[in-house]
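The values are calculated or read from the model by the stated rules, or taken from the named source; none is laboratory data. Because the structure is predicted, anything quoted here is derived from the model rather than measured. In this analysis, Cβ positions are derived from the backbone assuming ideal geometry, glycine residues included, and neighbour counts consider all displayed protein chains.
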């Protein structure tokens, strides 16, 4: 039983889509939005890492970090739709994977304000990328879809971390979380150089 959450996470971050993004006209704009973040390994890794890090930090960070990411992502999406081009969006997305993985790997403890600021910057970049890729989807419905998918990915991260609390000792839990962080950062480096 202890290996099931880790296996589920491993499968989630290594899965690749069989086809490109789904067509909004055929499946609906909300469905296209729901599908969009889960087909990009950079998005999946970063969003699950936010949940893992929020759970590791605990306290107010448990809800503040995921909520900040989703809120900032929606703001970045709105800016992209308004024609505001944020600088270095793709490098920021890759940095989010690497740095969030590193924060987990080193069990970094930042003040909540600093954590929120970093998460907000990453969320803006992810939202701007989604806004640039809305295509023929309805903007509000697509935004709703990817916001829900993002919240679900954060929830997976929180759920995996919290299931470790119930399944193993504090020392082993921290080792597993740090290992997941190191794997996330390594995956981010692979994405950056591929």
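For residue 80, state whether it is over 19 Å from residue 162 (Cβ atoms) and without any contact (Cβ under 8 Å) to a residue 60 or more places away in the chain.
Judged against the criteria, residue 80 is a match.
Could you tell me whether any residue of the stretch 34-41 is over 17 Å from residue 143 (Cβ atoms), part of a helix (DSSP H, G or I) and at pLDDT below 95?
yes
Filter the stretch 93-115 down to the residues that are farther than 19 Å from residue 182 by Cβ and surrounded by fewer than 20 Cβ atoms within 10 Å (Cβ to Cβ) and list them by number.
111, 112, 113, 114, listed by residue number.
Could you tell me whether residue 73 is modelled with pLDDT of 90 or more, more than 14 Å from the chain's Cα centre (by Cα) and either closer than 20 Å to residue 104 by Cα or part of a helix (DSSP H, G or I) (or both)?
Here the answer is no, as residue 73 does not meet what is asked.
Suppose we keep only residues that are surrounded by 24 or more Cβ atoms within 10 Å (Cβ to Cβ) and at pLDDT below 95 within the stretch 130-157. Which one would you say is nearest to residue 92 (Cα to Cα)?
130
Could you please give the count of residues in the stretch 163-172 that are in contact with a helix residue (DSSP H, G or I) (Cβ under 9 Å, 6 or more places away or on another chain) and without any contact (Cβ under 8 Å) to a residue 12 or more places away in the chain? Walk me through how you get there before you give the answer.
Initial filter on the stretch 163-172 (in contact with a helix residue (DSSP H, G or I) (Cβ under 9 Å, 6 or more places away or on another chain)): 163-165, 167-168, 172.
Subset that is without any contact (Cβ under 8 Å) to a residue 12 or more places away in the chain: 165, 172.
Going through the stretch 163-172 one residue at a time, the tally reaches 2.
Which count do you get for residues in the stretch 83-92 that are buried (at least 18 other Cβ atoms within 10 Å of the Cβ) and either closer than 21 Å to residue 181 by Cβ or in contact (Cβ under 8 Å) with a residue 60 or more places away in the chain (or both)?
Step one: filter the stretch 83-92 for residues buried (at least 18 other Cβ atoms within 10 Å of the Cβ), giving 89, 92.
Of the ones still in play, those that are also either closer than 21 Å to residue 181 by Cβ or in contact (Cβ under 8 Å) with a residue 60 or more places away in the chain (or both) are 92.
Selection size over the stretch 83-92: 1.
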